[in-house]
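Presented below is the structure to which this report refers.
The values are calculated or read from the model by the stated rules, or taken from the named source; none is laboratory data. Everything numeric in this text was worked out from a predicted model, so none of it was measured. Positions of Cβ are generated from backbone atoms using ideal geometry, with glycine treated the same way; all protein chains shown enter the neighbour counts. Protein only, heavy atoms only, side chains kept; ligands, DNA and RNA dropped before computing areas. Shrake-Rupley method; radii C 1.70, N 1.55, O 1.52, S 1.80 Å.
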Number of protein chains: 2
Amino acid sequence: MAKAPKNAIQPTRAEDYPEWYQQVIRAADLAESSPVRGCMVIKPWGYRLWENMQRALDDMFKATGHQNAYFPLFIPMSFLEKEAEHVEGFAKECAVVTHHRLEPDPKGGLRPAGKLDEPLIVRPTSETIIGATYAKWVQSYRDLPILINQWANVVRWEMRTRMFLRTAEFLWQEGHTVHATSEEAVEETERMIDVYADFAENWMAMPVTIGSKTPAERFPGAVETLSIEAMMQDRKALQAGTSHFLGQNFSKAQEIMFQSEAGEREFAWTTSWGVSTRLVGALIMTHSDDDGFVLPPKLAPAQIVILPIYKNDEQRGPVLEYVESLRKELADQKYNDVPVRVEIDDRDIRGGEKKWHHVKRGVPIRLEVGPKDMEKNSVFVGRRDQPKSNGMTRDEFVAGVATVLGDIQQGLFDRAAKLRSDNTVSITNEADFRAFFTPKNADNPEIHGGFAYCHFADEDSIEDLLKELKVTIRCVPRDDNDKSGTCFFTGKPAAKKAIFAKAY
Amino acid sequence: MAKAPKNAIQPTRAEDYPEWYQQVIRAADLAESSPVRGCMVIKPWGYRLWENMQRALDDMFKATGHQNAYFPLFIPMSFLEKEAEHVEGFAKECAVVTHHRLEPDPKGGLRPAGKLDEPLIVRPTSETIIGATYAKWVQSYRDLPILINQWANVVRWEMRTRMFLRTAEFLWQEGHTVHATSEEAVEETERMIDVYADFAENWMAMPVTIGSKTPAERFPGAVETLSIEAMMQDRKALQAGTSHFLGQNFSKAQEIMFQSEAGEREFAWTTSWGVSTRLVGALIMTHSDDDGFVLPPKLAPAQIVILPIYKNDEQRGPVLEYVESLRKELADQKYNDVPVRVEIDDRDIRGGEKKWHHVKRGVPIRLEVGPKDMEKNSVFVGRRDQPKSNGMTRDEFVAGVATVLGDIQQGLFDRAAKLRSDNTVSITNEADFRAFFTPKNADNPEIHGGFAYCHFADEDSIEDLLKELKVTIRCVPRDDNDKSGTCFFTGKPAAKKAIFAKAY
């Protein structure tokens, strides 16, 4: 075996966190930038991870009564204009289709031709186009609620992009629901942020806090935006999912009206909620280390990879036969209610290179099996979350595999929860607040305090301070946040605390 | 129960086939047109069907060694220009993004702003953008083959659209593979058209013929296009899937080169293959009848719907409890290796309306269960493929449910195969050819002869005749087509027959 390098990713997290992030994506073969500005190519390993996320979320959506449907990619410009805050929020960063064909350019090459009467926007989000359809579907209270989700690509013309976290095109799901009453719509908004929190914590092993966005941070056009916020390893916050109570704003813009039980014509109440491929970025920054990606077993495309070891063709046949029987035996075990996902890597490359290939890609468990292991009926087990590999009997490993995968999943969650609790404080004065958000180490300005819980009364009055420190109000946490106090920024009384943090 | 109408769809197939098609889509709640020209909304029932198609196809792609990935929605205009035939084929119907934001228009409203240096095309197909990425991935013969599939939306600015069959935006999958040799690429092209034929026949219950397209009908830029062709109930052909051997055309345009085992720099050989939401249209036109949609059980979102029947609240509780136990018992049965998909419709609407709701949506089996059935431990079974409902014991029905679903699936295939064979002829002279393609009934010009097998030598020389009769060459069938003969159009010898037909 080749001597292991000190670590597989250069630079390390401590040396340069943003660059480490890019290098993990590269080393784990998750994605790469494309020839189209701001758009990425999601490579097979990254896409399989996204498919696993989709499957788990889709099951949760269906269990809460939602169905999938599909709406147009394009939104007529006039639709966007109908909701004033909404267009304000998206007009500055949208791809605009103005022509419907190409023709030879007299100067050479091609040029756009066939100008459209009305420009079309490539959807940055679909409230307006879906709302226009719902307006036709909803006549009576009997047609409500409408509970629909869409898996789709969307485009927001971001100027500064970073793979998975912020790309011009990204994949996501967007739920769009219509209700007869405000109460039901608020309930739906809460239900779906709870689904996202459940997914983040129980599938991604990523602790999150549910809270309300302050008015300045709300989705354009929403009455209330709930979000889940997670702490990354550089102690920055990442908004991992949002659920919006839209009140009657979009039903008024799109004329979604129904006849109530009492016979009145009323505007409906709507919600929308979404998560995106950004979650892949969140997963990377929550668990990965200086050797590459670390995958929580529940979402890992392969939970176990078997590496057959042999020196010659004579050994090869029996070893391959043995590992295939081992693979089948493992695939008959279940973890998280589905068969264990196990693969054999029989590529003809050096053993050390092969091992590091799977370390960097974050596979939870590696099994090395050679002729000696066969004789002893043992396997050599490398866990991605532990530095050293261990031998154990084949039977013992197979019998305990679900338990080990569960341990790894729980261990990742616990480690992330500890990081968050170690870097979360309550702050009651400006000096401490300033100190908390000042980088500890001039060489690595990314590393600062973490999450600060502070009572606050008014976001407008602290805008300048937050801008100066590059800090934002992440959310007003929903739970365990009922003690009022004093806002030290303004001296005013405040009912609740908010989380302040630097953020992605 | 309400008296059943003579039939649920107006007009009938015999009266007006194209309008019948639109009305089936409406009655089955599959899709509707959207406010965006040429784009449709796929409604939950239609989308569930598409999801089932996706799942089956995706499993087949993975079983043949392919992985999924995702590439950008946008293609720089210059990429399209690199392959001359390809751009010729797509330039006339593509959505062109020219700006990246909106700004207030002094005349009111908004206008496009932020002009792009280079226009971007919304992908009509992804050979060029994926090829550009592959060029970076491929260095050596060791990197080959690349076997990747993408599930995506694409846009072709069609002037005449029809739901599912031809829409500006549609959903599809596109496989894109790279190989070291021509032989391997040809094998892949054949393998994937076989996968499509397998899916069409064994999942959609739709008989298809595999063949080669003539040069004029090939995919723009392909060396050879294989297709599967099916006969719809109006005897027109529908191209249901294509697989293209691209030779080195795209690898030359995108510079996909590799170092061979012998150390030479060579251009790679590529293929692409795709099926789309058009398959939903094919399914409708293959099996549906004058009462609406007819779903093959293997793809039906619900294979069985249980309709509880009760007269008052006293009956309601016990009936619902009984049908829930029946639902569970049925869901424990397997058909086609997965649990039977069974749903209860307990909506508070009239029994007749409810029954017709599911007839029109094509659910294979309806079960009516009321207090009397409970007493007798029986169920009242309505099969979508049979006119009359029948009582039988609950145990008998449960034990035989997989067999019945299999019978329905096979029956649909057999009926479609018979229609095709009844309307397929060999033709050896122009008079018969003309007669075959002349509508039999002036009131319904859609109904004509069907598929004509003719030897032919040269498509250019018969272009005018085909145009006059609105007939196209569908394909040169691959199998059972080795007897040479005389082309009656030209009098020249011809090695093979082609299928001539009117087509969608």
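Some observations on this one:
- In the range A:223-236, residue surrounded by the most Cβ atoms within 10 Å (Cβ to Cβ) [restricted to those that are without any contact (Cβ under 8 Å) to a residue 40 or more places away in the chain and part of a strand (DSSP E or B)]: A:ILE228
- Residue match in the range A:121-134 (condition: more than 7 Å from chain B (Cβ to nearest Cβ), in a strand (DSSP E or B) and within 15 Å of B:GLU93 (Cβ to Cβ)): no
- Number of the exception - B:ARG278 against (1) open to solvent by 10 Å² or more (accessible area, probe 1.4 Å); (2) not assigned by TED's automatic domain parsing to the domain that holds B:GLU184: (2)
- Scanning the range B:33-49 for residues that are of a type in the set (Ser, Thr, Tyr) and either within 8 Å of chain A (Cβ to nearest Cβ) or in contact with a Leu (Cβ under 7 Å, 6 or more places away or on another chain) (or both) gives B:SER34, B:TYR47.
- Filtered residues of the range B:168-216 (kept if among the acidic types (Asp, Glu) and either out of contact with any Lys or Arg (no Cβ under 9 Å at 6 or more places or on another chain) or farther than 30 Å from B:PHE456 by Cβ (or both)): B:GLU169, B:GLU174, B:GLU183, B:GLU184, B:GLU187, B:GLU188, B:ASP194, B:ASP198, B:GLU201
- Residues in the range B:244-269 that are among the polar types (S, T, N, Q) and open to solvent by less than 10 Å² (accessible area, probe 1.4 Å): B:SER251 only.
- Scan of the range A:346-360 for residues that are over 23 Å from A:GLN409 (Cα atoms) and open to solvent by less than 30 Å² (accessible area, probe 1.4 Å), ordered by number: A:GLY352, A:LYS354
- Counting only strands (runs of 3 or more DSSP E) that fall entirely inside the range A:237-308 and contain at least 1 residues that are more than 30 Å from A:GLU343 (Cα to Cα), the qualifying elements are A:237-245, A:257-259, A:265-267, A:269-276.
- Residue in the range B:431-440 that is open to solvent by 40 Å² or more (accessible area, probe 1.4 Å), touching a residue at least 24 places away in the same chain (Cβ under 8 Å) and under 30 Å from B:ILE304 (Cα atoms) present: no
- Odd one out for A:LYS388, checked against (1) of a type in the set (D, E, K, R); (2) open to solvent by less than 20 Å² (accessible area, probe 1.4 Å); (3) part of a loop (DSSP other than H, G, I, E, B): (2)
- Residue match in the range B:144-160 (condition: more than 14 Å from chain A (Cβ to nearest Cβ), open to solvent by 10 Å² or more (accessible area, probe 1.4 Å) and either in a strand (DSSP E or B) or modelled with pLDDT of 95 or more (or both)): no
- Test set (1) of a type outside the set (Val, Ile, Thr); (2) at pLDDT 95 or above; (3) within 19 Å of the chain's Cα centre (by Cα) - A:ALA222 fails condition number: (3)
- So A:VAL398, is it within 26 Å of A:THR225 (Cβ to Cβ), among the β-branched types (Val, Ile, Thr) and in contact (Cβ under 8 Å) with a residue 12 or more places away in the chain: no
Table: residues versus (1) under 23 Å from the mean Cα position of the chain (by Cα); (2) small (Gly, Ala, Ser); (3) at pLDDT below 95; (4) not assigned by TED's automatic domain parsing to the domain that holds A:ALA56.
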residue	(1), (2), (3), (4)
A:ARG327	no, no, no, yes
A:PRO339	no, no, no, yes
A:ARG347	no, no, yes, yes
A:GLY362	yes, yes, no, yes
A:LYS388	no, no, yes, yes
A:ALA399	no, yes, no, yes
A:PHE413	yes, no, no, yes
A:LYS418	yes, no, no, yes
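- Entirely in the range A:1-81, the strands (runs of 3 or more DSSP E) that have 2 or more residues that are open to solvent by less than 20 Å² (accessible area, probe 1.4 Å): A:40-42, A:74-76
- Exclusive hit being closer than 29 Å to A:PRO215 by Cβ and more than 10 Å from chain B (Cβ to nearest Cβ), set A:ALA84, A:ALA91, A:ALA95, A:ALA56: A:ALA84
- A:ASP337 satisfies every condition listed in (1) open to solvent by less than 40 Å² (accessible area, probe 1.4 Å); (2) at positive phi except (1).
- Some residue of the range A:105-112 being touching a residue at least 40 places away in the same chain (Cβ under 8 Å), touching a Leu at 6+ places or on another chain (Cβ under 8 Å) and either within 10 Å of chain B (Cβ to nearest Cβ) or in a strand (DSSP E or B) (or both): no
- Summed over the range A:195-216, residues that are surrounded by 17 or more Cβ atoms within 10 Å (Cβ to Cβ) and in a helix (DSSP H, G or I) total 6.
- Residue within the range B:92-101 that is among the small types (Gly, Ala, Ser) and either touching an Asp or Glu at 6+ places or on another chain (Cβ under 8 Å) or farther than 25 Å from B:GLY114 by Cβ (or both) present: no
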